[in-house]
Amino acid sequence: MNRTRAPALSLRGIRKTYGSGAGEVRALDGVDLDLPPGSFVSVEGPSGCGKTTLLNLLGLLDVPSEGTVAWDGAPVGSLPERERARRRLTGVGFIFQRFYLLPTLTAEENVALPMRGADRKAADRTTRARALLDSVGLSGRRASRPHQLSGGEEQRVAIARALANEPGLLLADEPTGELDRANTESVLDLLVEAQHSTGSTLVLVTHNPAVARRANRHLTMADGRIVSDVREP
Ligand SMILES: Nc1ncnc2c1ncn2[C@@H]1O[C@H](COP(=O)(O)OP(=O)(O)O)[C@@H](O)[C@H]1O
Ligand SMILES: [Mg+2]
């Protein structure tokens, strides 16, 4: 299986509302954004400003109320759910603040899980899951279950899992939000290394300015809009 090439992502005129009438919430309120393949972008902004909603649209977990999401220039909104699911599985790696490892599976089984839906033989899945755990410094914890791991270790397992199908797009939603400083550094190093070595696009939502500084483009959101977009020279 080949690594999925990073797609060029574009958002045009995006609005996303939840609920209706008096209870209506505008999570995104007019977002236009282009992310060339291989972008490394941070997203900052106060709680509730739409960061997670933006990630969910980029990663095909959700659809906008208005506007167009395109991968490589082709709108993805009208694709059948089956095709969207296939692209999510093989093309997108998600990393969440709360890790979301499956509690009954070992570290190795958690990492191997996304490969079951992709075209990969069982023996290859095991070999690759072990190599991925090695690469995040957890070769000794293959058989551990999430409750036996520290938060930093759980997040490293989650990163290995996100990389399992060699996605072109990595979406990390406050991945260091529950970690101490030492673990924040190591998790960040792993994400940056994954982005550099594979040329994937990495979108990193964070409240931590030191974390955001590692990116080479910096978006700030407020009230469902992108209010600042700064590229490093
Ligand atoms: N599934 C949902 N149903 C209703 N409202 C939602 C839902 N998801 C998000 N929201 C609302 O949309 C706004 C943006 O949320 P979110 O994208 O999660 O913000 P952030 O990640 O920046 O904290 C918030 O007001 C939030 O309460
Ligand atoms: Mg969020």
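Every number in this text was worked out from the coordinates using simple rules, so none of it is lab data. Quantities reported herein were computed from a predicted structural model and do not represent experimental measurements. As a convention, Cβ positions derive from the backbone with ideal geometry for all residues, glycine included, and neighbour counts pool all protein chains shown.
Taking all Cα pairs closer than 8 Å and separated by 6 or more residues, the relative contact order of the chain comes to 30 percent.
Max-minus-min Cα coordinates of the chain on each principal axis give 50, 41, 40 Å, with the largest extent listed first. Residues whose amide H lies under 5 Å from that of residue 95, counting only those 5 or more places away or on a different chain, are 171, 172, 173; hydrogens are built 1.01 Å from N in the peptide plane. Averaging Cα coordinates gives a centre for the range 206-231 and one for the range 8-72; these two points are 14 Å apart.
If R0 is taken as 41 Å, the Cβ-Cβ distance between residue 15 and residue 145 corresponds to a FRET efficiency of 0.50.
For the range 20-118, the alpha carbon positions stretch 44, 31, 30 Å along the principal axes, listed from largest to smallest. When you filter the trypsin sites (Lys or Arg not before Pro) in the range 7-106 for DSSP loop state and at most 16 other Cβ atoms inside 10 Å of their Cβ, you are left with 98. Structural descriptor for the range 150-209: relative contact order 45 percent, calculated from alpha carbon pairs under 8 angstrom and at least 6 residues apart.
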